[in-house]
Amino acid sequence: VVGDDAEWQCNDDDAGPITFINCLFADNACNDDRLIELKAAFSLLNCTFIGNVAGDKAMIAVRGRDWDSTGDGDDDVTTDDSIIDNCLFINNTNLSSGLWMGGGAICVYYASPTITNCTFAGNYAARPGGALFSYGGNILVEDCTFRDNRGGFYGAGIGHYRQGAPVWTVRGCTF
């Protein structure tokens, strides 16, 4: 997917699994939204994201509940089987000013993806988490490289806003 204002959303709680394999997302500008939003189990495998700009929420938004959720569990979905593996995230930008909308590459909102063997380089978020941001959720980040990412508030590589009792595991990564 190359070009301006591309967007792909899956907001169907019953959808999935959704799989992207060997995809290129380059030079997209999603001024009022995000490049990819997933509220279902998914896999991103061997994909490259380079030079994309998101105006709201993040380039990739992984959700386990609705953005405006009351937290009562009625709109929660399972994203525990979601995998991001062997992907490159290079020079992506998130311009969002929303509190829980950080992450120059990925924003995780009450979701629990596994992120392995990925490279995050030169990404920027106006809010926390230059590469990766989480608001709630249990996340495994393993064997990833974080280099030259910048976060507007905190967390040049990874930023997290503690909501609930999330469990983060970061193992074998290089910063």
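Count the net charge of all other residues whose Cβ sits under 15 Å from the Cβ of Y154, scoring Lys and Arg as +1 and Asp and Glu as -1.
+3
Ignoring ligands, DNA and RNA, what accessible area per residue does segment 90-175 give at 1.4 Å, in Å²?
Result: 40 Å² per residue.
5 Å is the cut-off here: which amide hydrogens, built 1.01 Å from N in the peptide plane, fall below it relative to N94, excluding neighbours closer than 5 in sequence?
Under 5 Å from the amide H of N94 lie the amide H atoms of A54, Y124, A125, A126, each far enough along the sequence or on another chain.
Rolling a 1.4 angstrom probe over the protein chains, ignoring ligands and nucleic acids, what is the accessible area of R150 in square angstrom, nearest 10?
Counting only protein heavy atoms, R150 exposes about 140 Å² to solvent.
For a quick check: with amide H placed at 1.01 Å from N, whose amide H comes under 5 Å from F42's, ignoring anything fewer than 5 positions away on the same chain?
I18, S82, I83
Can you give me the solvent accessible area of T116 with a 1.4 Å probe, rounded to the nearest 10 Å²?
Near enough 20 Å² of accessible area.
Quick check: residue separation of L24 and E142 times 0.36 nm, minus the Cα distance between them. What number comes out in nm?
40.3 nm
What list of ³J(HN,Hα) couplings, whole Hz, do you get for segment 42-54 from phi and the Karplus terms 6.51, -1.76, 1.60, once you set θ to phi - 60° and write x for glycine and proline?
Couplings: 8, 9, 10, 10, 6, 9, 10, 10, 9, x, 8, 10, 10 Hz.
Between N28 and residues 5 or more places away or on another chain, which pairs have amide H atoms under 5 Å apart, with H built 1.01 Å from N, and which residues are they?
Excluding prolines and chain starts, which carry no amide H, the hits are G3, N52, V53.
From the backbone phi of segment 145-160, what are the Karplus-calculated ³J(HN,Hα) couplings (6.51 cos²θ - 1.76 cosθ + 1.60, θ = phi - 60°) in whole Hz, Gly and Pro given as x?
Coupling constants for segment 145-160: 10, 10, 9, 6, 8, 9, x, x, 10, 7, x, 4, x, 10, x, 9 Hz.
The values are calculated or read from the model by the stated rules, or taken from the named source; none is laboratory data. Here the structure is a predicted model, which means the values were calculated and not measured. Positions of Cβ are generated from backbone atoms using ideal geometry, with glycine treated the same way; all protein chains shown enter the neighbour counts. In case anyone asks, the SASA skips ligands and DNA or RNA and just uses the protein heavy atoms, side chains included. Shrake-Rupley method; radii C 1.70, N 1.55, O 1.52, S 1.80 Å.
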